[in-house]
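Structure first, then comments.
Only the coordinates and a few stated rules stand behind these numbers; no lab work does. A quick note: this is a predicted structure, and the numbers were derived from the prediction, not measured.
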Amino acid sequence: MRGGLIDQRLECTVDLSLHRIGRPVAAAILRVLRRVALVDELRKKRVREELFKVIEYQMRKDSPKETKQTFDRLRAAGYSRKETMRLLAFALLVEMNEMVKDRRTYNEAIYVKKLKALPEMAWSDEPEDCT
């Protein structure tokens, strides 16, 4: 019931806004918002692709070796290649976010700890904007 009330309030707000700014302006705003959403999706896809490249490189170079070990462990546990790569990317992204937040350099031991915690870590330590 509460969701219905919130939806009604939003509809009223949108209707009032349309009356104040007019339909052509509202339509233009809607087009801009759709473009922003599309750009955001493209940005997320690009970031995910770059993270996947880093993971592939780590596995090729066997550095850290735990990246490939975690990949193999997750695949053996039944995760698809895509799911496994996303989980690995998640661990890498969390480490990168923490590096920026804590103003520190890369720490392989911390990253490896995150890899070893997969897949559980992905559900308990999720950042606000995950790929």
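Structural remarks
- Residues of type lysines that Lys101 reaches as a straight line, Cα spacing below 21 Å, ignoring anything fewer than 8 places off in the same chain: Lys44, Lys113, Lys114
- Cross-link partners for Lys45 among the lysines, with Cα-Cα distance under 19 Å and sequence neighbours closer than 8 places in the same chain left out: Lys53, Lys82.
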